[in-house]
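Encoded as structure tokens, the structure appears first; notes follow it.
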Amino acid sequence: MSSQTERTFFTAKMPYTEETLQRFTIMQFNLYRRRQKLLIQAAAFAMIVAGLLFGLQDWKGVLLALAGCVILTNIFIVPKQIARQVISRFNGHLPVLEFRFYRDHLNVSASDMPVYYASLDRMEEDKDYLYLFLSAETGYMIPKAAIRGNGGYPALAELLEAGAGRRVHRYVSLTTASLRTILEELQILSK
């Protein structure tokens, strides 16, 4: 049965903005470059500690601590630069994508090819958005509040999980972490 006649379970619209593109590229960085991010953070932390051990009265200590702080506060410079490049390619006319979710796939207004849930590499969520990644380079971001259909976002998540054969993962940042979620994340990293 073609998507034209198949029953649509859910729909959603995603109007991209500079802020949402940055949020998407940061999520992409957090998911697909996790080890790189952790290594950068560890190196920055080591530089800060070394600077403190040298002492902040010595120029070497100040320089090490300052460099560590600069690295730590600019951890997301790469994904933000990627977002700026994408924005410049659209010449200020960012897209509004429309999504239609069916029993085993979704259609995106920017593509003629269906995306089968089983082909999704990652399904992540945060407080406001659902992120569906086909690969480290390709994915979609959908506002949970924009999902239309019987049961809203929770029902869509169930449909995706059934089709993909795995759960939608709740992304945990330091600001939303609990001891339990940190331990769960460490188990994921060790795999």
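The values are calculated or read from the model by the stated rules, or taken from the named source; none is laboratory data. This structure is a prediction, so every number in the text was calculated from the model and none was measured. Please note: Cβ atoms are built from the backbone with ideal geometry, for glycine as well, and neighbour counts cover all protein chains shown. Surface accessibility is based on the protein's heavy atoms, side chains included, excluding ligands, DNA and RNA. Shrake-Rupley method; radii C 1.70, N 1.55, O 1.52, S 1.80 Å.
Output the residues belonging to the range 130-174 that are under 16 Å from M14 (Cα atoms) and either part of a loop (DSSP other than H, G, I, E, B) or among the charged types (D, E, K, R) (or both). Within the range 130-174, T138, K144, I147, R148, G149 qualify. Considering the range 105-129, and only residues there that are part of a strand (DSSP E or B) and out of contact with any His (no Cβ under 8 Å at 6 or more places or on another chain), the residue that is surrounded by the most Cβ atoms within 10 Å (Cβ to Cβ) turns out to be L106.
Out of F29, F45, F24, one residue alone is in contact with a helix residue (DSSP H, G or I) (Cβ under 8 Å, 6 or more places away or on another chain), surrounded by fewer than 17 Cβ atoms within 10 Å (Cβ to Cβ), at pLDDT 85 or above and part of a helix (DSSP H, G or I). It is F45.
Could you check how many residues of the range 75-97 are in a loop (DSSP other than H, G, I, E, B) and either surrounded by 11 or more Cβ atoms within 10 Å (Cβ to Cβ) or among the small types (G, A, S) (or both)? Of the residues in that region, 6 qualify.
For the range 1-21, the set of residues classified as out of contact with any Gly (no Cβ under 7 Å at 6 or more places or on another chain), open to solvent by less than 50 Å² (accessible area, probe 1.4 Å) and modelled with pLDDT of 85 or more consists of A12, M14, Y16, T20, L21, listed by residue number. Scanning the range 64-74 for residues that are under 20 Å from Q28 (Cα atoms) and surrounded by 17 or more Cβ atoms within 10 Å (Cβ to Cβ) yields a count of 1.
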